[in-house]
Amino acid sequence: MQKTVLITGTSSGIGLAAARHFVAAGWNVVATLRRPEASELADSEQLLVTRLDVQDPDSIHAAIEAGIARFGRIDALVNNAGFGQYGLFEATPEDKIRDQFEVNVFGVMAVTRAMLPHFRAQHAGVIVNVSSGAGMFTLPMLSLYCASKFALEGFSEALSYELASQGIAVKLVIPHGGVSSTRFGERSGQEHSGQARLADYDAFVANTNAAFDSMRAGRMMSSAEVAEVIWQAVTDGSEQLRYLVGDDARGFVRARRELNEQGYIDFMRSHFREKA
């Protein structure tokens, strides 16, 4: 039987590229997003474009039911919907802090929980959670995004032990080093524009922005490259948990994995310390 994947956040970037990749590979795809009327995808024999807002439980259940009604079953779930906030923690309004976790953490949990009865009934299924290098190492001005991705990493790892007993695999795809052709920077900029300025941080913010500008000058991977790794995670039949994809030219992943604790912290701080 032709297999089916449900993907969240297919309006652009990684989610859109993943939907196209799975269709090209012969899978049925339930491509979900908050505003399906704005989708770059169109319904076809293999493709169902439907509404799913990870903060709206009714829309989650409706999307899953629509996918099952259309294709008979769902074999894999890709939790891709998410966003990042850029800015000082102290300057971020409380409602924006909650939004970060509602989408990146609680939204993933809600979609996963809604899908699990279907997967358990099949005694099979693959869940891929799209994480970030910011779930392995931290960066200033991204404290809330890092916190949400660290939470996602811990949740996914622990959940993988539980669901293995049900024949369900949990995977983490971890882009790092920057992804082109996404709207991550666009939304981050919109969120940052609403923050109050705290003058005491001006020198630090200027130095950090300059450091990020320098980092962005390096090679960025494409959304299609990430989609290829998502496809691998879904289809390789392995028990592998983490799949890293990206360019570690800055050495952040290597530092996290190879240095002792203080060595890692010193290395990271060296990138953002104000120059004399």
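Just so it is clear, none of the values below were taken in a lab; they were calculated from the coordinates. Source: prediction; values computed, not measured. Here Cβ is always computed from backbone atoms with ideal geometry, including for glycine, and neighbour counts include all displayed protein chains.
Going by neighbour counts of Cβ atoms within 10 Å, the residues Asp75, Asp58, Asp53 line up, fewest first, as Asp58, Asp53, Asp75. Under the shape rule built on the C-alpha gyration tensor, where the axes satisfy a ≥ b ≥ c, segment 89-147 is oblate, since a/c reaches at least 1.5 while a/b does not exceed b/c. Relative to the longest principal axis of the Cα atoms of the chain, the long axis of helix 261-270 lies at roughly 70 degrees. How large is the helix-only mean residue ellipticity at 222 nm for the chain, computed as the sum of -39500 (n - 2.57) over DSSP H runs with n ≥ 4, divided by its residue count, in deg cm²/dmol to the nearest 500? Helix contribution divided over all residues of the chain: -14500 deg cm²/dmol.
A simple charge model with +1 on the Cβ of Lys and Arg, -1 on the Cβ of Asp and Glu and nothing else charged puts the dipole of the chain at about 340 debye relative to its Cα centre.
Across the chain, the mean sequence separation of Cα contacts (distance under 8 Å, 6 or more residues apart), normalised by length, yields a relative contact order of 19 percent. For the chain, the residue among Ala63, Pro36, Ser12 whose Cα projects farthest onto the positive side of the dipole built from Cβ charges is Ser12.
Annotation for Ala25 and Leu259: the two label points, set 7 Å from Cα along the Cα-Cβ direction, are 3.5 nm apart. Ranked for footprinting exposure by Cβ neighbours inside 10 Å, fewest first, Asp200, Asp248 give Asp200, Asp248. Listed by Cβ neighbour count within 10 Å, with the fewest neighbours leading, Tyr201, Tyr86, Tyr161 appear as Tyr161, Tyr201, Tyr86.
Along the chain, the exposed loop sites are GluC sites (Glu not before Pro) outside DSSP states H, G, I, E and B with at most 13 other Cβ atoms within 10 Å, and the longest stretch free of them is 91-238.
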